[in-house]
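The values are calculated or read from the model by the stated rules, or taken from the named source; none is laboratory data. Because the structure is predicted, anything quoted here is derived from the model rather than measured. Cβ coordinates were reconstructed from backbone atoms using ideal geometry, including for glycine residues, and neighbour counts include every protein chain displayed. SASA here: full protein model, heavy atoms, side chains in, ligands and nucleic acids out. Shrake-Rupley method; radii C 1.70, N 1.55, O 1.52, S 1.80 Å.
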Amino acid sequence: MNTITLDSITRAKHQLSIVYFFNDYRFEVSLWYEGVDLLELENKYGKEYLEWIYFHIAAFEFNKLISLKPEQVDFGCYQKYCTEDFFTLWTSIQHKVWAQWRYENNIPHYKEPTLAHDYAKSEDVPAKVSNDIGTTEVLVFCGGGKDSLVSARIFETLDIPYASFVYSSSIYGTAQKQHRIIDGLLNGLKPAKIHRQYVYDSFVDCPILDLDASIQSASLTAAETPSSIFASLPLILSEGYQYIALGHEKSANVGNLIWDVTGEDVNHQWGKSYAAEVMINSYIKNCLVDNFHYFSILQPIYDVLIFNLLRESLDLVEHTHSCNIDKPWCKKCPKCAYVWLNYMAYLPTSIVNEMFGEVNLFDIEENQIWFKQMLGLGEHTPFECIGQIEESRLAFHICKKKGLQGKALELYDDFKDIDFQKIAIHFTAVDDQQTGYPDKWKRQILRRMNEVSATSVEYIARYF
């Protein structure tokens, strides 16, 4: 029986190391915390409670081994922490995040691996704690992209103090390069403090799929957002933050396709969705830190408003990056194509050309399939963190009206009779019903969003 096993969790002052196995294959992930003393935290909250936190971090790091199609999961000596509530959360996230993986591998009815041992009793795990809240209440995640810039600027505009959290991961290249690029953006922002985390993972770039023909898997998947939330908890406890703020927009709630075999919504971005936010928040509050809350400040708005918001930060747009292949821009992946398309639609073309080196991504052959899928002319939209079909169509329309040219713009003829004004009205609206905003800031944040909605409508109207 193919089994994934959590083998060991060890810690030093600033490092957490996790060893896990797929059958006999050994992997390790190491998380380094800048400015966080894990030993000091153990003295404050107790070693057993911190091990309870470490277990969650390890479990959501090693769930990427689901990509190898295990039949069984064994938490080893840490099974004493695997309560029914925990395993329900773990498997629920696995089922939703790995829907894309199941679709790509054509295994619609694959279920989560069975547990190799009994559940731990809830009364036998450490009790949740209350965090000692510090002077700065909000920790804003910063990945260096457009969403990070817009999120931070909203807090600054509303005079809400915040700190920034940046993490690097092996999957995106060297840590030094990742932090150097993001520093270019942070240097123009005003966080009260900057925290960095370094994640080194031996699994994400391993050749196991190439070397072992017995493993029938075409791709690897990781639950990056849920993992990053749990991995930030030592920092939350160390610095006394009450809130985590992310930049996940409304389109993260909409999937790439409805799978006809299962009827489910296959959503590449499900880990960023409001449903995931509610699920993870509830668990952490009930089981780990009772005065913790995380929310997305961009949850009520679509990318259309986010790209329009960037015109208020033209001084920093050049320091943003979004590529997950070759940072800052490979110019040939769906993420680069999508961001470039919308930058060209909503920002001065001179700034975009300077960022991308005068390259017209509409003419690059590798991008033709991405643009076709974005416009709804393929079986599904690209499996990336991008907006909905109508948002791409609106951006195409604006680019066409701006006089831009390129091979991909020939696709415009397939949808030029669409009611773009109706699309614009829908995607510039602010949804005040589905938001996890703290009550004390909710009204002023929504007021700010509605102001942006009005100016965005004015900008788009000139192209009708």
Practice task
Scan the range 283-307 for residues that are farther than 14 Å from Ile244 by Cα and part of a helix (DSSP H, G or I) and jot them down.
Solution key: Tyr283, Asn286, Cys287, Asp303, Val304, Leu305, Ile306, Phe307
Practice task
Report yes if some residue within the range 93-108 is crowded, with 22+ Cβ neighbours inside 10 Å, on the phi > 0 side of the Ramachandran plot and touching a Ser or Thr at 6+ places or on another chain (Cβ under 8 Å); otherwise report no.
Solution key: no
Problem - Residue list for the range 272-282, restricted to those being out of contact with any Phe, Trp or Tyr (no Cβ under 8 Å at 6 or more places or on another chain) and open to solvent by less than 10 Å² (accessible area, probe 1.4 Å) - result: Ser273
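Could you grab me the full set of residues in the range 366-385 that are open to solvent by 10 Å² or more (accessible area, probe 1.4 Å) and either closer than 18 Å to Asn324 by Cβ or free of Cβ contacts under 8 Å to residues at least 12 places away in the same chain (or both)? Working first, answer last.
Residues of the range 366-385 open to solvent by 10 Å² or more (accessible area, probe 1.4 Å): 366, 368-370, 372-373, 376-381, 383-385.
Those that are open to solvent by 10 Å² or more (accessible area, probe 1.4 Å) and either closer than 18 Å to Asn324 by Cβ or free of Cβ contacts under 8 Å to residues at least 12 places away in the same chain (or both): Glu366, Ile369, Trp370, Gln373, Gly378, Thr381, Phe383, Glu384, Cys385.
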Practice task
Inspect the range 257-265 for any residue being modelled with pLDDT of 95 or more, open to solvent by less than 30 Å² (accessible area, probe 1.4 Å) and not acidic (Asp, Glu) and give the result as yes or no.
Solution key: yes
Fill in the blank from the handout: By residue number, the members of the range 2-44 that are open to solvent by less than 40 Å² (accessible area, probe 1.4 Å) and among the aromatic types (Phe, Trp, Tyr) are Tyr20, Phe22, Phe27, Tyr33
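Given the criteria on the phi > 0 side of the Ramachandran plot and either surrounded by fewer than 22 Cβ atoms within 10 Å (Cβ to Cβ) or not hydroxyl-bearing (Ser, Thr, Tyr) (or both), does Lys331 qualify? It would help to see each step written out before you state the result.
Details: on the phi > 0 side of the Ramachandran plot: yes; either surrounded by fewer than 22 Cβ atoms within 10 Å (Cβ to Cβ) or not hydroxyl-bearing (Ser, Thr, Tyr) (or both): yes.
Answer is yes for this residue.
Given the structure, is Ser238 in contact (Cβ under 8 Å) with a residue 40 or more places away in the chain, in a helix (DSSP H, G or I), in contact with an Asp or Glu (Cβ under 8 Å, 6 or more places away or on another chain) and surrounded by fewer than 23 Cβ atoms within 10 Å (Cβ to Cβ)?
Values: in contact (Cβ under 8 Å) with a residue 40 or more places away in the chain: yes; in a helix (DSSP H, G or I): yes; in contact with an Asp or Glu (Cβ under 8 Å, 6 or more places away or on another chain): yes; surrounded by fewer than 23 Cβ atoms within 10 Å (Cβ to Cβ): yes.
Here the answer is yes, as Ser238 does meet what is asked.
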Practice task
Take the range 70-90 and flag every residue that is open to solvent by 20 Å² or more (accessible area, probe 1.4 Å) and within 24 Å of Ala218 (Cβ to Cβ).
Solution key: Glu71, Gln72
Practice task
For Leu89, state whether it is part of a strand (DSSP E or B), in contact (Cβ under 8 Å) with a residue 40 or more places away in the chain and within 28 Å of Ser130 (Cβ to Cβ).
Solution key: no
Handout entry: the range 396-411, residues that are farther than 17 Å from Glu365 by Cα and not in a loop (DSSP other than H, G, I, E, B)
Key = Phe396, His397, Ile398, Cys399, Lys400, Lys401
Completion exercise
If you go through Gln405, Gln434, Gln388, Gln444, the only one that is touching a residue at least 40 places away in the same chain (Cβ under 8 Å), of a type in the set (S, T, N, Q), open to solvent by 60 Å² or more (accessible area, probe 1.4 Å) and out of contact with any strand residue (DSSP E or B) (no Cβ under 9 Å at 6 or more places or on another chain) is Gln405
Practice task
For residues that are in a loop (DSSP other than H, G, I, E, B), over 20 Å from Glu71 (Cα atoms) and of a type outside the set (A, V, I, L, M, F, W, C), tally how many sit in the range 99-131.
Solution key: 5
Exercise for the section: Quickly run through the range 153-199 and pick out the residues that are among the hydroxyl-bearing types (Ser, Thr, Tyr) and either surrounded by 15 or more Cβ atoms within 10 Å (Cβ to Cβ) or at pLDDT 95 or above (or both). Expected result: Thr157, Tyr162, Ser164, Tyr167, Ser168, Ser169, Ser170, Tyr172, Tyr198
Practice task
Within the range 295-327, track down each residue that is open to solvent by 10 Å² or more (accessible area, probe 1.4 Å), under 17 Å from the mean Cα position of the chain (by Cα) and at pLDDT 95 or above.
Solution key: Tyr302
Handout entry: Only one of Tyr294, Tyr283, Tyr346 that is aromatic (Phe, Trp, Tyr) and closer than 21 Å to Gln388 by Cβ
Key = Tyr346
